[in-house]
Amino acid sequence: MAKIKYIRCDIYKRGISIFIGSPEELRAWCKKTYNEDKDDEDFNKSLEECSYGAADFHYGAGYAVVRLPKFPKTPMEIAYTAHELLHATQWLLWYSGVNYDNCHINNEAYTYLHEHLVRNTFGKEGYENVEKD
């Protein structure tokens, strides 16, 4: 059964969802949650090309979904998950108007938000079962 966890980023008035489950379960959840059918060519290509099966997807209003095939345990799975969380970090901050042009000057917004997402993703508390229709 798929699991979902929403990580709030209150300072930016949005957050990201961590979805642990199959591509089919993700498609059903996206349709129910966002009223968006994610059975298109770009979505399928993203799932096929991503390492370990982890991928991030963006929706209107600055929300991101990171999809994982299972809870990460190995160093490789953890690294790929952190990689996808960085994409979600960049999307959330870009959507919020925080630019990363001079990374040596303003990288703290990115690093603190990425730390928040990593810490909450790997904390096992807060995941809920995804209800099937």
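At-a-glance table
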{"quantity": "Distance between modelled label sites at H58 and M1, nm, 7 Å Cα→Cβ extension", "calculated": "3.4 nm"}
{"quantity": "Cβ-Cβ FRET estimate between N129 and N35, R0 fixed at 35 Å, reported to 0.05", "calculated": "0.95"}
{"quantity": "Computed lengthening from F122 to Y12, 0.36 nm per intervening residue step minus Cα-Cα distance", "calculated": "37.5 nm"}
{"quantity": "Estimated FRET transfer efficiency (T74, N107; beta-carbon r; R0 22 Å; 0.05)", "calculated": "0.20"}
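Read-outs: derived from the displayed coordinates by stated rules, not from any lab. Note that this is a predicted model, so its numbers are computed, not measured. Using ideal geometry, Cβ is built from the backbone for each residue, glycine included, and neighbour counts are taken over all protein chains shown.
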